[in-house]
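Coordinate-derived values only; no laboratory data. Bear in mind the structure is a predicted one, so any value in this text is a computation, not a measurement. Here the Cβ is made from the backbone with ideal geometry for all residues, glycine too, and neighbour counts use every protein chain on show.
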């Protein structure tokens, strides 16, 4: 007798829906068949979609900027994730410049994450390194992490990693089978004028800074045969330039993540009365960029949220330098992107993430995989309320598609008809991101 059965649902497998039943035992999917088999608990998913649990590869819970901290911790942020059908998240360690601090940052983050209700792992994060890069990489892997984030900007806070080190890290990514995640903006093209207001954000961080840097890094990847993952691509023009010049490495050595906000809004939002609520980096782009994202969306590998929420009062500042950059969005990423791109986005938020990021046993409804499953009501509706700590959402009153009503994480029911059921998530051991 199985622990749990999900019957009569429209199950998403191999990028299509078909009717079948799923059987779960000891946190794993153990059978998928049209047969009805004896089970202790049965969920009838008649007329509902049965999706793999989504994976958000890019969140910032409890992000400490030194002068302010993002308001969702691992408990509240994971609650919002569950309401959005997300069962695993990838957060970031504090940026460090040596392997000793890397281990400290890992243990500190692990202690914070233990209150999460979703499963979790971390990207190691580097700032302008002062150590032997190969020693750093070996330490990262020994801690169970195969993804390393760095920045090509933020030299003002010493977070920038420079080209020589990036080039060497790309070589090491091929040798040690890890993935280099990069915040892509050209530091020399960014203007940190202290008199700028939030309305000047696109002048401060222009589209060209992303495009120029992305093309340079793509050339590095081609030369080194390394593995790079571009986080939060904002500009359709950047994507078009990559497709035109580096199609040979896209989806193989150079991977692209974008976010719901770039498919949903344009830079005009920054000029509105409450434009300060739409401040994040890289910023919103012109309408033509958004249109190109839709046109070229098949070249985007994954969708992450860059979830980094702050309260209204903390965003409502006159000077750009006083505004914490970031928005929430983890709860609505799946239904927003389903509305934008239809069923094609499901794989970009599940299996594709797991494959690129080296997360074994995640992202698919398949025998042997973790029983991370979302039972989804396929209806259109408007965003009326949200969960988590933040006192607003930029997606208020937006028409979205799909409503997760039951969420199962590793066989445990964590959301049942809109009611949250507490069950602790666990650390996901990372694995090699490529052969």
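Values as computed for the structure displayed
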quantity	calculated
Percentage of interatomic Cα-Cα distances in segment 53-357 larger than 36 Å	9 percent
Neighbour-count order for 67, 427, fewest beta carbons within 10 angstrom listed first	67, 427
Highest-fluctuation residue, 24, 32, 356 considered, GNM on the chain with Cα pairs under 10 Å	32
Simple spin-label estimate for residue 111 and residue 47 in nanometres, 7 Å along Cα-Cβ	5.1 nm
Segment 1-101 pair-distance distribution - Cα-Cα, 10 Å bins, rounded %	13, 31, 26, 16, 12, 2
Relative compactness, segment 99-190, computed as alpha-carbon Rg over 2.2 N^0.38 Å	1.12
Gaussian network model of the chain, springs between alpha carbon atoms under 10 Å - residue of 95, 282, 38 with greatest fluctuation	38
MRE, 222 nm, helices only [DSSP H, n ≥ 4, -39500 (n - 2.57), over the chain, to nearest 500]	-8000 deg cm²/dmol
Tilt relative to the chain, helix 99-113 - C-alpha long axis, 0 to 90 degrees, to 10	40 degrees
Principal semi-axes in Å for segment 226-372 [√(5λ), Cα gyration tensor, largest first]	28, 19, 14
Using alpha-carbon coordinates, inclination of helix 74-83 to the longest axis of the chain, degrees	60 degrees
C-alpha center-to-center spacing [segment 1-76, segment 220-285] in angstrom	29 Å
Segment 210-295: translational diffusion in µm²/s, Stokes-Einstein, Kirkwood Rh over Cα pairs, 37 °C, 0.692 mPa s	242 µm²/s
Exposure proxy ranking, count of Cβ atoms within 10 Å, fewest first, for 107, 58, 340	107, 340, 58
Residue of 375, 68, 190 that the Gaussian network model of the chain assigns the largest fluctuation, springs spanning Cα pairs under 10 Å	68
Potential extension, residue 417-residue 391 segment - 0.36 nm per residue separation minus Cα distance	7.0 nm
For segment 350-395, average projected area of the Cα convex hull in nm²	5.3 nm²
Distance-filtered residues of segment 333-366 - backbone nitrogen under 20 Å, label point 7 angstrom along residue 426 Cα→Cβ	354, 358-366
DSSP bridge pairs, the chain: antiparallel proportion in percent, nearest 5	50 percent
Angle in degrees between helix 133-142 and the longest Cα principal axis of the chain, rounded to the nearest 10	20 degrees
